[in-house]
1. In Å and on Cα atoms, what radius of gyration and Dmax does region 139-203 show?
2. Can you compute the label reach from Ser289? Point 7 Å from Cα along the Cβ direction, backbone N cut-off under 17 Å, restricted to region 315-351.
3. Using r as the Cβ-Cβ distance of Asp238 and Asn62, and R0 as 22 Å, what FRET efficiency do you calculate, to the nearest 0.05?
4. For Ile152, what residues show an amide H to amide H distance below 5 Å, using hydrogens built from the backbone and excluding near sequence neighbours?
5. Compute the angle between helix 458-468 and the longest alpha-carbon principal axis of the chain, please, reported from 0 to 90 degrees and rounded to the nearest 10.
6. Using the Kirkwood radius built from alpha carbon pairs, what does the Stokes-Einstein equation give as D for region 205-345 at 4 °C and 1.567 mPa s, in µm² per second?
7. Just to check I understand the Karplus step: with θ = phi - 60° and J = 6.51 cos²θ - 1.76 cosθ + 1.60, what whole-Hz values come out for region 195-211, glycine and proline as x?
8. Which ³J(HN,Hα) values in Hz, rounded to whole numbers, follow from the phi angles of region 478-491 under the Karplus curve 6.51 cos²θ - 1.76 cosθ + 1.60, where θ = phi - 60° and Gly and Pro get x?
Amino acid sequence: MGLLRLMALAALASQPGVAGGAEAAGNASSAGLIEFSVGKFRYFKLNRPFPEEAILRNISSNATFLIFQIHSQYQNTTVSFSKMLLPSTSGTGTDKGLVFILRPEQSMCSWYLETLEAEPVQNLAIPLSYSERDPIPGGCNLEFDLDVDPNIYLEYDFFETTIKFAPANLGYARGADSPPCDTKTGQDSRWRLQYDVYQYFLPENDLTEEGLLKHLQRMAEVPQVMASAMKVVTLTADDKTSVSFSSLRGLGVIYNVIVRDPVLNTSAAYVPAHTYACSFDATEGNCSSLGRVSTKVFFTLFALLGLFICFFGHRFWKTELFFIGFIFMGFFFYILITRLTPIKYDVRLVLTAIAGSLGGIFLVAAWWRFGILTLCMLCVGLVLGFLVSSVSFFTPLGNLTIFSNDAVFWVTFSCIVVLIPVIFIGCQRILNILTCGFIGSYSVVLAIDSYMYTSLSYIALNVLKRALSPHFRRAFTNVPFQTNDFIILAVWGMLAVSGITLQIRRERGRPCFPPHPYKLWKRERERRVTNILDPSYHIPPLRERLYGRLTQIRELFQKQQPAGERTPLLL
């Protein structure tokens, strides 16, 4: 076996090195062997029955440890120190890496790669070297299987995506003993290290493998991470090495952690991890078909009604009240039924539509019977206040630490909601037209989100998640603003401004609101009763009219009877 290894190394030595940022796909000189270069990305494919051996030569004497990392889009690959796979010497996943602590005079190392997937897996891999002054990512691991674990472990659900990683340790020279992890907590121990968590968004609606692997190259090394990604939070050694983010279903997001030594002014990067917050293998609701049919139908009909309200809501006052009542009842009913029952999503959406319709009918009926304008305008103002408050917390204001407390968040949110109808208490027609324009046009944004990804939908969705999940308060709600979002934002603004301007011009010189419907109906009925010259005065009661109609319908189905005696004509 040793002779075969020497022959393989001799064959590799005869091959010229490949230069450039990312090396071409393919194996090295012989089947089963892949040669890597420090700091060079390498594309290659792994097949199920053929594990590969990877070799790195000419390691610099200044390097004290290496981090080898391998990435794929959604198919798992395994990287191991040996051919025999053990939990303490290997890792399996889409973003995995190993730390090699180099021995004195060591200038070459090797490891093994394989996959259990049925189809060939496209991979991107790179080995990175660090000096003795650099901190070692995962060097004080006590939670995961590897002794030194530089990996970021990622979990997601509908509400949040959580990343976890092992604490780092101080760097040390080749052949020396590693610094103790927990014997002391002073500035000469690993407790002085700091962890910067970075987040990088892929382009919207880009689910391609090539796009992911290209962007992963920007998240592997410290300088590229700091230049390309957004720093979300800085953790100290006293903080828990776990951070939560709002799940962005259908959008690729890459996370990485840079551990810094503020005393030596050095740093090192963990192995980046990515997620789309969805599954590529799922038969229903996978990454390629995010919008369910029920969601598309619901929000398309909702958007059509909202578009009508945007331009004609104030003129058709009862239709607008139905729209407002639908939003009120539907929102709270969906929260209630989701938190209390395990009903499937499609059934919940149908029940929400029914409950929202009943809420709209109830608000219209309350206006028709009682005609309390203040109550109706309070509902209208609260809906507009909800949107204004949601937009406020959609900004970086929502990520302030103080709002991770539920009581502080909901009190502040409610105050902003109530503030809107209070501000417009003296100009209710303007409040109503503004609500028609902004709420009606935002329904179009929600409908667009059911067909393609847009970050603007999270204006309302973040609040809904906060109401549904008690753990969502700890999540960072960052979202990207890319080309699609700017276009949809422009469409939203154009619809809102057009609808508001049109309604203000049309309603100029008209009464602010229609009169009380019940009083009008009652007055008209009394007029008909007392005015004998009115033709409607002579109209029979409703019961007699219905009986007469039924009699006419019954006669249509009766056979005509012969009348009198028939005598033949005599010639």
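The values are calculated or read from the model by the stated rules, or taken from the named source; none is laboratory data. Note that this is a predicted model, so its numbers are computed, not measured. Methodologically, a virtual Cβ is constructed for each residue, glycine included, from the backbone with ideal geometry; neighbour enumeration extends over all protein chains shown. Protein only, heavy atoms only, side chains kept; ligands, DNA and RNA dropped before computing areas. Shrake-Rupley method; radii C 1.70, N 1.55, O 1.52, S 1.80 Å.
1. 15.0, 47
2. Answer for this model: 345-346.
3. Working: r = 32 Å, r/R0 = 1.47.
My answer for the efficiency is 0.10.
4. Hits under the 5 Å cutoff: Val271.
5. For helix 458-468, the angle is close to 90 degrees.
6. Numbers: Rh = 19.8 Å.
Translational diffusion coefficient: 65 µm²/s.
7. 10, 9, 9, 10, 10, 10, 9, 7, x, 5, 6, 10, 10, 7, 5, 4, x
8. Values, residue by residue: 5, 9, x, 10, 10, 4, 4, 5, 5, 5, 5, 4, 5, 5 Hz.
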